[in-house]
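**Q** Below is one structure. I have some questions about it.
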Amino acid sequence: MATRDVMVALLLAAVAASCATAQLQEKFYSESCPSVEEVVRKEMVRALSLAPSLAAPLLRMHFHDCFVRGCDGSVLLDSANKTAEKDALPNQTLRGFDFVERVKAAVEKACPDTVSCADVLTLIARDAVWLSKGPFWEVPLGRRDGSVSISNETDALPPPTANITVLTQLFAAKNLDIKDLVVLSAAHTIGTSHCFSFSDRLYNFTGRVNPSDIDPTLEPFYMAKLKSKCASLNDNTTLVEMDPGSFKTFDLDYFKLVSKRRGLFHSDGALLTDAFTRAYILRHATGAFKDEFFADFAVSMVKMGNTDVLTGSQGEIRKKCSVVNH
């Protein structure tokens with residue numbers, strides 16, 4: 001544990017300057033709301049003790065927030081005419097919005113009009129990883145909430161069908177490099193996915209829509225197992241574990257699966273087509289460098305959490321995460 005903590009501390013120092021520039025600070029609420037992390041964690045422990053599978057959706061929500069307009073809580077906003085980010089196709093499978101509101105209400109009770117929904121979601125994502133037996137890291141805070149949420153802007157989200165070129169471009173647009181790409185992809189070590197997010201690999205890889213139109217890069221036995229769960233392209237309800245056997249535990253099994261061509265999404269398999277990402281996967285598929293990966297993940301999460309944030313007098317502190325203040 002000591003070794004991991006030292007590695008995390010050293011690597012986080014490398015991104016501290018960028019956080020300072022963005023006016024984010026680990027002790028941002030030390031005077032105005034010193035109990036914020038305790039309040040969030042209490043709600044997280046309670047929720048995950050009852051429904052541990054909620055961790056992955058909450059982590060995913062933070063990703064989807066940061067990749068569209070930056071980490072400003074815009075993914076949480078409702079729209080009367082269904083044109084907000086949460087209404088867009090890539091976000092229609094997000095879940096946990098009511099839970100985020102519950103956490104925000106608890107934070108409001110402790111510290112009214114002080115902590116942004118963007119910061120609450122960032123803390124939730126960190127605790128989702130840690131409570132799933134993953135790494136812990138200090139979260140720079142001080143984000144403000146945005147007031148704009150547009151469904152059409154979700155094309156900035158990396159799709160599960162993306163190849164390595166598209167993935168690197170979308171990550172680069174958020175100042176995330178190829179190492180961040182492979183590290184953050186390993187978040188797929190927890191959670192489930194609907195069949196429609198990958199069933200084209202099983203039945204319609206080149207557009208011919210027949211059982212022989214398969215993704216040749218997918219390991220055959222794994223493909224057969226997936227076909228037994230996802231019977232057709234029309235399956236919109238079945239859920240499949242992204243990391244079979246340990247989908248509730250944040251570990252290194254994701255790398256083992258991808259190295260064996262058993263990554264669920266095309267975007268997972270695409271990581272084997274680049275020399276750097278392939279080497280990273282093969283190194284961590286050995287399972288011998290857990291502390292190193294955990295430290296890398298912490299650093300990449302801090303970098304992503306610093307994406308295009310609103311600070312200072314920008315934005316607002318929403319009282320409810322689903323609506324702007326009036």
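The values are calculated or read from the model by the stated rules, or taken from the named source; none is laboratory data. All values derive from a computational prediction rather than experimental measurement. Don't worry about glycine lacking a Cβ; one is built from the backbone with ideal geometry, like all the others, and counts go over all protein chains shown. Side chains are part of the model used for accessible areas, which takes the heavy atoms of the whole protein and leaves out ligands, DNA and RNA. Shrake-Rupley method; radii C 1.70, N 1.55, O 1.52, S 1.80 Å.
Okay, residues lined up against (1) within 21 Å of Phe276 (Cβ to Cβ); (2) touching a residue at least 12 places away in the same chain (Cβ under 8 Å); (3) outside any helix (DSSP H, G or I):
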| position | (1), (2), (3) |
| --- | --- |
| Gly134 | no, yes, yes |
| Val148 | no, yes, yes |
| Thr154 | no, yes, no |
| Ala187 | yes, yes, no |
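**Q** Anything in the range 192-208 that is in contact (Cβ under 8 Å) with a residue 60 or more places away in the chain and crowded, with 22+ Cβ neighbours inside 10 Å? List them, or say none.
**A** Phe198, Arg201
**Q** When the residues of the range 85-117 are narrowed to those that are touching a helix residue (DSSP H, G or I) at 6+ places or on another chain (Cβ under 6 Å) and not in a helix (DSSP H, G or I), which ends up nearest to Phe28 (Cα to Cα)?
**A** Looking at residues that are touching a helix residue (DSSP H, G or I) at 6+ places or on another chain (Cβ under 6 Å) and not in a helix (DSSP H, G or I), I get Val115.
**Q** Moving on to the next point. For the range 304-317, enumerate the residues that are crowded, with 22+ Cβ neighbours inside 10 Å and either in a helix (DSSP H, G or I) or of a type in the set (A, V, I, L, M) (or both). Before you say what the answer is, go through the steps one by one.
**A** Let us first name the residues in the range 304-317 that are crowded, with 22+ Cβ neighbours inside 10 Å, namely 304-306, 309-310.
If the condition is that a residue be crowded, with 22+ Cβ neighbours inside 10 Å and either in a helix (DSSP H, G or I) or of a type in the set (A, V, I, L, M) (or both), then Met304, Gly305, Val309, Leu310 are the ones that fit.
**Q** Also, quick follow-up: Against the definition (surrounded by 22 or more Cβ atoms within 10 Å (Cβ to Cβ), at pLDDT 95 or above and assigned to a loop (DSSP other than H, G, I, E, B)), how does Asp296 come out, yes or no? Give the derivation first.
**A** Values: surrounded by 22 or more Cβ atoms within 10 Å (Cβ to Cβ): yes; at pLDDT 95 or above: yes; assigned to a loop (DSSP other than H, G, I, E, B): no.
Here the answer is no, as Asp296 does not meet what is asked.
**Q** With the checklist (1) among the polar types (S, T, N, Q); (2) closer than 26 Å to Lys133 by Cβ; (3) part of a loop (DSSP other than H, G, I, E, B) in hand, flag the one item Asn234 doesn't pass.
**A** Looking at each condition in turn, Asn234 falls short on (2).
**Q** Here's a follow-up. Being within 15 Å of the chain's Cα centre (by Cα) and more than 26 Å from Lys248 (Cα to Cα) is true for just one of Val68, Val107, Val75, Val115. Which residue is that?
**A** On the way: Val107 fails: within 15 Å of the chain's Cα centre (by Cα); Val75 fails: more than 26 Å from Lys248 (Cα to Cα); Val115 fails: within 15 Å of the chain's Cα centre (by Cα).
Just a single option satisfies the conditions, and that option is Val68.
**Q** Here's something else I'd like to know. Return the residue satisfying two criteria in turn: it lies in the range 255-277 and is free of Cβ contacts under 8 Å to residues at least 60 places away in the same chain and small (Gly, Ala, Ser), and of such residues it is nearest to Lys227 (Cα to Cα).
**A** The extreme case among them is Gly269.
**Q** Please determine, by comparing only the residues of the range 209-254 that are of a type in the set (A, V, I, L, M) and touching a residue at least 40 places away in the same chain (Cβ under 8 Å), which one is surrounded by the fewest Cβ atoms within 10 Å (Cβ to Cβ).
**A** Within the range 209-254, the subset of a type in the set (A, V, I, L, M) is 209, 214, 218, 223-224, 226, 231, 233, 239-240, 242, 252.
Next, only the ones that are touching a residue at least 40 places away in the same chain (Cβ under 8 Å) stay: 218, 239-240, 242, 252.
Numbers: Leu218: 22, Leu239: 15, Val240: 19, Met242: 22, Leu252: 20.
The extreme case among them is Leu239.
**Q** Please go through the range 89-123 and pick out each residue that is in contact (Cβ under 8 Å) with a residue 60 or more places away in the chain, open to solvent by 10 Å² or more (accessible area, probe 1.4 Å), among the hydrophobic types (A, V, I, L, M, F, W, C) and within 19 Å of Ser151 (Cβ to Cβ).
**A** Those that are in contact (Cβ under 8 Å) with a residue 60 or more places away in the chain, open to solvent by 10 Å² or more (accessible area, probe 1.4 Å), among the hydrophobic types (A, V, I, L, M, F, W, C) and within 19 Å of Ser151 (Cβ to Cβ): Leu89, Phe97.
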